[in-house]
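One structure below.
The values are calculated or read from the model by the stated rules, or taken from the named source; none is laboratory data. All values derive from a computational prediction rather than experimental measurement. Neighbour counts run over all protein chains shown; Cβ positions are idealised from the backbone, glycine included.
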Amino acid sequence: GGCIATIIDATVGTGIVHSIGPAMTANLNIDYQNPIPLGSTVIIDSQVEKVDGRKVYTSCQVRSHDDAVLHNKATALYITLKSGESEAQL
């Protein structure tokens, strides 16, 4: 489960950084529905659901490359950093 959580957080977080700006993860919730076989290819589809000030709410699905199997669903809350602020300062 930890590898999947890392992949989801890194993928969704990178999308936030590129579309909105630097952010850090405040909360990550994952529903593990089907195991992902070792060595398989998956598709991660994520979207921003809502932006409320510095809070960015996201959702994501991890599916098999052929879209036949839903492996995981996740929601996350990211907090955007103020200009010049770093995670170490929080």
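Structure summary
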| item | result |
| --- | --- |
| Test set (1) without any contact (Cβ under 8 Å) to a residue 40 or more places away in the chain; (2) farther than 14 Å from Ile4 by Cβ; (3) surrounded by 14 or more Cβ atoms within 10 Å (Cβ to Cβ) - Leu77 fails condition number | (1) |
| Scan of region 50-65 for residues that are at negative phi and exposed (fewer than 12 other Cβ atoms within 10 Å of the Cβ), ordered by number | Lys50, Asp52, His65 |
| Matching entry among Asn72, Asn34 (being in contact (Cβ under 8 Å) with a residue 60 or more places away in the chain, surrounded by 11 or more Cβ atoms within 10 Å (Cβ to Cβ) and polar (S, T, N, Q)) | Asn72 |
| Residue satisfying all of: in region 8-21; among the β-branched types (Val, Ile, Thr) and in a helix (DSSP H, G or I); surrounded by the fewest Cβ atoms within 10 Å (Cβ to Cβ) among these | Thr14 |
| Residues of region 29-54 classified as in a strand (DSSP E or B) and not charged (D, E, K, R), total | 10 |
| Candidates Ala26, Ala5 - the one that is at pLDDT 95 or above and either assigned to a helix (DSSP H, G or I) or acidic (Asp, Glu) (or both) | Ala5 |
| Ile79 being outside any loop (DSSP other than H, G, I, E, B), of a type outside the set (Phe, Trp, Tyr) and within 12 Å of the chain's Cα centre (by Cα) | no |
